[in-house]
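For reference, the structure is listed below as structure tokens.
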Amino acid sequence: MHANTLSPRVSPHPEELIWMDGEFLPLAQARVSIEDRGLLFADGIYEVIAAFDGVPHLLVEHLDRWDRSAEGMRIQPRYGRDTRVDVIHELLKRFSAPRVSVYGQLTRGAARRAHTFPAAPRPMEFWFARELQPYQPVLFSEGVKVITRPDERWLNCWIKSISLAPNCFARQDAAEQGAFEAIFHREDGVVTEGAATNFFVVKDGVIRTHPVTKRILSGCTREFVLQVARQHGLAIREEAFDLTFMRNVDEAFITSTTINVMPVTRIDDAPVADGKVGPVVQKLMALTDAAVRQLREDSLAALR
Ligand code: PDD
């Protein structure tokens, strides 16, 4: 890659830096066209990647999903993975916070408004970093409340699309009810996932979660946590379950890039079992934390 593309021309506060279509610039100076299809049609995809002590967590997994999402949306990015990796590392180098989230977005770009794709699309891509504020420890020690909501999203939830109105509505409802997350269920009662998380329950020692189908986003954290659980001999069933099943479980938790594993101790107006964080979730939180630390140590060691 050409060195200029990674060398900011200005030196603003790192938090304010964005990489957009080949160059770094202050976030406040970044401009998109009114006719960008991301703006007009939510015609785009995104990724959120966490970095701990400057090391991006599950980078390959996130970039693989980026590729799948772009392909699913039939958007051909102008930049390749090497550029993306360089950009992310460069943003992290300039950002000294211990916990950072890196946000990337790709749209089909600007074109005269028409539902059909432009004949010669010029996709728009940008990446920026923000400090990842830690959640209060009490949320992990006591667990959080979630509410349930009908899953009113489209049927291609495997694509990390920027079209997030139903997710925003559900999260807003949750916030208004003092809940951390909203868990979606389809019309047949099948529980899919959270508005911005994957959802798991534990019943009789078995971890259960919706299988990877078009109805959920295959969370990078979901896959990581299941791998950790498998390595430690925990029983897992990637099988759909419904609301009735969910209301009789022993434990529950959610996963995502920004939380890793967070216990759920209240669903709608009822506690999960006795309302305390159960042993399987406690174990999984500890194992996941250790596995995240280990990955980071391995990456740092590889760089030395
Ligand atoms: N959300 N399901 C949905 C619908 C999501 O939006 C997300 C992530 C997840 C978890 O995926 P991962 O473990 O790869 O973060 C599941 C991100 C964090 C967001 O929208 O901010």
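Summary of values
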quantity	calculated
Residue tally, condition away from the ligand (no atom under 15 Å from the Cβ) and open to solvent by 30 Å² or more (accessible area, probe 1.4 Å), over segment 209-248	16
Test: VAL202 is touching a residue at least 60 places away in the same chain (Cβ under 8 Å), touching a helix residue (DSSP H, G or I) at 6+ places or on another chain (Cβ under 6 Å), more than 27 Å from ARG296 (Cα to Cα) and more than 16 Å from the ligand (Cβ to nearest atom)	yes
Test: GLU251 is open to solvent by 10 Å² or more (accessible area, probe 1.4 Å) and touching a helix residue (DSSP H, G or I) at 6+ places or on another chain (Cβ under 6 Å)	yes
Yes/no for ALA291 being open to solvent by less than 30 Å² (accessible area, probe 1.4 Å) and assigned to a helix (DSSP H, G or I)	yes
Any hit, segment 218-227, residues being in the same structural domain as TRP154 (by TED's automatic domain parsing), farther than 17 Å from CYS157 by Cα, at pLDDT 95 or above and in a strand (DSSP E or B)	no
Residue tally, condition within 27 Å of ALA165 (Cα to Cα) and either among the β-branched types (Val, Ile, Thr) or assigned by TED's automatic domain parsing to the domain that holds CYS157 (or both), over segment 41-93	4
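The values are calculated or read from the model by the stated rules, or taken from the named source; none is laboratory data. These numbers come from a predicted model, not from an experiment. FYI the Cβ positions are ideal-geometry reconstructions off the backbone, even for glycines, and counts take in every protein chain you see. Protein only, heavy atoms only, side chains kept; ligands, DNA and RNA dropped before computing areas. Shrake-Rupley method; radii C 1.70, N 1.55, O 1.52, S 1.80 Å.
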